[in-house]
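Notes follow once the structure below has been shown.
The values are calculated or read from the model by the stated rules, or taken from the named source; none is laboratory data. Computed from a predicted structure; not experimentally measured. Please note: Cβ atoms are built from the backbone with ideal geometry, for glycine as well, and neighbour counts cover all protein chains shown.
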């Protein structure tokens, strides 16, 4: 599991690549989120557009990330899940738990509009 971190407006975008299957990378992701929280960056978009495969441990990483951000009065949303990952989210009923957007622009706009209110 590899990921890049970038920013757009006041949102942090974490773009995953390859397979999202947990393991030691999960701790690195958690550390990244805690660093963002310490910097006051609490609006996180997880871009799944380049994820080829996700298992239950990968779902656990996303749930853990969402919980971490929520506990810090922030929010984590996901975007660009392909049909396989979206199907996995539906089967597990997690589609009802995550704010999910079709495109990265929609996710960025979501946070941008929240900031304007």
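Here are the numbers for the structure shown:
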item: Residue that is nearest to the chain's Cα centre (by Cα), among those in the stretch 90-104 that are outside any loop (DSSP other than H, G, I, E, B) and farther than 13 Å from residue 77 by Cβ; result: 96
item: Residue in the stretch 37-56 that is crowded, with 18+ Cβ neighbours inside 10 Å, touching a strand residue (DSSP E or B) at 6+ places or on another chain (Cβ under 8 Å), modelled with pLDDT under 95 and part of a helix (DSSP H, G or I) present; result: no
item: Subset tally (residues that are assigned to a helix (DSSP H, G or I) and surrounded by 12 or more Cβ atoms within 10 Å (Cβ to Cβ)) for the stretch 1-26; result: 2
item: Single residue of the stretch 65-86 satisfying the filter (in a helix (DSSP H, G or I) and either within 9 Å of the chain's Cα centre (by Cα) or modelled with pLDDT of 95 or more (or both)) that is nearest to residue 11 (Cα to Cα); result: 69
item: Cross-chain or 6+ apart pairs with Cβ under 7 Å, the stretch 86-113 first and in contact (Cβ under 8 Å) with a residue 40 or more places away in the chain, then outside any loop (DSSP other than H, G, I, E, B) and surrounded by fewer than 17 Cβ atoms within 10 Å (Cβ to Cβ); result: 108/8
